[in-house]
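The values are calculated or read from the model by the stated rules, or taken from the named source; none is laboratory data. Keep in mind it's a predicted model, so treat the numbers as computed, not measured. We place every Cβ from the backbone using ideal geometry, glycine too, and count neighbours over all the protein chains shown. The accessibility values were calculated without ligands, DNA or RNA, using every heavy atom of the protein model including side chains. Shrake-Rupley method; radii C 1.70, N 1.55, O 1.52, S 1.80 Å.
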Amino acid sequence: MGFDPTDLKAYLSLIKRPNGIVLVTGPTGSGKTTTLYATLHTLNTIDRKIITAEDPVEYHLQGINQCQVNHKIHLDFPRILRAMLRQAPNVILVGEIRDAETAQIAIQASLTGHLVFSTLHTNDAPNAITRLIDMGVPPFLVATSIQAVLAQRLIRTNCPKCLEPFQPDPRQLTQLHLNPQQMANQSFKRGKGCDHCKGSGYRGRKGLFEMMVMNRQLRDLAFSKASTSEIRRVAVANGMSTLAMDGARKALQGVTTPDEVLRMAKTDD
């Protein structure tokens, strides 16, 4: 899917925790549902009960109880969540946190021994914390329940059939904060354009990921309603790679081009 090995190792460790909430954020069409289904597929063992509440069910997974929202009969996310908690699941997937009521029930489930996955529409990982508080969730609940937030985007990848080295615009490298040491012994690549990629130079897509794992510092910031910029600063200081950093890494590896990274990922000073 495009995870950096370090991020993948941390994510696989996170999803094996017994409780808490893991949020996947990003705009519509950024691959959030695919990431979560891949996660459930990894967790789907005979000794683990998984129940989902979705609107709509996009993939049918064998061995997982999937329930679709139906507003005509008032079967919404809060009602499904209340019903599923009586069935003692180990893992819960909430298709999307859209309101404070859904967020509160999901958080309460995570605090009573369930591992909860859900999605949220925010531009990056730190924004998820402030978004939940803005929705009306008490800061102490956000601080104690969130285990990690994974923000993602989809970028086009270079066509393997017409790949060639090239020298990108120096201004783009400056925007991606790439220094000479990082670019040493690295050659940027792009697709020249061929029949295989219909002349675009790109073939296929991969994810850009920004994973913010909560620690004591970040929980204290959430509890004190700190600004998004402050949460981001501390998260980066603690080792979080932003979307732009992950994109720059993929550009250096020849997976995609700096132009594509800058198109999809915001860069901050």
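Sort the range 1-149 into rounded, prolate or oblate with this rule: let a ≥ b ≥ c be the square roots of the eigenvalues of the Cα gyration tensor; rounded if a/c is under 1.5, and if a/c is not under 1.5, prolate when a/b is larger than b/c, oblate otherwise. The partial results should precede the final answer.
Details: a/c = 1.28, a/b = 1.04, b/c = 1.23.
In terms of gyration-tensor shape, rounded.
Given R₀ = 35 Å, FRET efficiency for N90-E230 by Cβ-Cβ distance, to 0.05? Before the final figure, lay out each step's value.
Numbers: r = 35 Å, r/R0 = 1.00.
Efficiency, from the Cβ-Cβ distance: 0.50.
Is there a pair in K189/K266; K49/K72; K161/K189 whose C-alpha atoms are over 24 Å apart, and which pairs would that be? Could the numbers behind the result be given before it?
Numbers: K189/K266 21 Å; K49/K72 28 Å; K161/K189 12 Å.
Flagged as over cut-off: K49/K72.
Can you give the convex hull volume of the alpha carbon atoms of the range 124-269 per residue, in Å³? Before the final figure, lay out the partial values.
Details: hull volume 16.5 nm³, N = 146.
Roughly 113 Å³ of hull volume per residue.
Nearest 500 deg cm²/dmol is fine: what mean residue ellipticity at 222 nm does the chain get from its DSSP H runs of n ≥ 4 alone, each adding -39,500 (n - 2.57), divided by its residue count?
Values: 12 runs with 105 residues, N = 269.
Rounded to the nearest 500, the figure is -11000 deg cm²/dmol.
In the chain, what cysteines have no partner Cβ closer than 4.7 Å?
C67
For the range 21-173, give the magnitude of the charge dipole about the Cα centre (Cβ charges: +1 Lys/Arg, -1 Asp/Glu; no others), in debye to the nearest 20. Write out the running numbers ahead of the final one.
Numbers: 13 positive and 12 negative charges, 39 e Å.
In debye, rounded to 20, the range 21-173 gives about 180.
Full-extension gain between Q62 and H74, please, as 0.36 nm times their residue separation minus the C-alpha to C-alpha distance. Walk me through the numbers on the way to the answer.
Working: separation 12, 0.36 × 12 = 4.32 nm, distance 2.64 nm.
Full-extension gain reported as 1.7 nm.
Between N238 and D195, take the C-beta separation as r, use R0 = 45 Å, and let me know the FRET efficiency to the nearest 0.05. Don't skip to the answer; put the middle values down first.
Values: r = 46 Å, r/R0 = 1.03.
Calculated value: 0.45.
Where both residues lie in the range 54-213, what percent of DSSP beta bridges are antiparallel, nearest 5?
Values: 14 of 19 bridges.
Bridges in the range 54-213 that DSSP calls antiparallel: roughly 75 percent.
Quick check: net charge around E164, other residues with Cβ under 13 Å of its Cβ, Lys/Arg +1 and Asp/Glu -1?
Details: positive: K161, K189, R190, K192; negative: none.
With Lys, Arg at +1 and Asp, Glu at -1, the net is +4.
Picking from K16, K189, K206, which is most flexible by a Gaussian network model of the chain using Cα springs under 10 Å?
It is K16.
Cα centroid distance between the range 43-63 and the range 194-246, in Å?
If we compute the Cα centre of each part, the gap is 27 Å.
Report, please, the projected area of the chain averaged over directions, based on the convex hull of its C-alpha atoms, in nm².
Numbers: hull surface 63.0 nm².
Averaged projected hull area, Cα only: 15.8 nm².
Whenever you get a sec, compute what percent of the accessible area on the chain sits on carbon and sulfur atoms (1.4 Å probe). Could you put the intermediate results ahead of the total?
On the way: 6640 of 13440 Å².
Carbon-and-sulfur percentage of accessible area, whole number: 49.
At 7 Å along Cα-to-Cβ for each site, give me the label-to-label distance between K9 and H177 in nm.
2.3 nm
Roughly how much of V236 is accessible, in Å² to the nearest 10, using a 1.4 Å probe?
Only protein atoms counted, so the area is about 50 Å².
Build a GNM of the chain with springs between Cα atoms under 10 Å: which of A222, A184, A88 gets the top mean-square fluctuation?
Taking springs between Cα atoms under 10 Å, the residue moving most is A184.
Distance from a point 7 Å along Cα→Cβ of L111 to each backbone N in the range 80-97: keep the residues under 20 Å and list them by number.
80-94, 97
How do R203, R156, R216 rank by accessible surface area computed with a 1.4 Å probe, from largest to smallest?
Values: R203 110, R156 85, R216 195 Å².
Largest accessible area first, the residues go R216, R203, R156.
If we sort 73-80, 238-245, 223-230 on the protection proxy, mean other Cβ atoms within 10 Å, highest first, what's the order?
Values: 73-80: 15.9, 238-245: 19.5, 223-230: 13.8.
For the peptides 73-80, 238-245, 223-230, the packing ranking is 238-245, 73-80, 223-230.
Can you spot the aspartates and glutamates whose alpha carbon is less than 15 Å from K250's alpha carbon? Ignore those fewer than 8 places along the same chain.
By straight Cα distance, K250 reaches D4, D7, E210, D259, E260.
So between Q253 and F140, what do we pick up on full extension, going 0.36 nm a residue minus the alpha carbon distance?
36.6 nm
Send over a whole-number figure in Å² for the accessible area per residue of the range 74-214, probe 1.4 Å.
Numbers: 6610 Å² over 141 residues.
Value returned for the range 74-214: 47 Å² of accessible area per residue.
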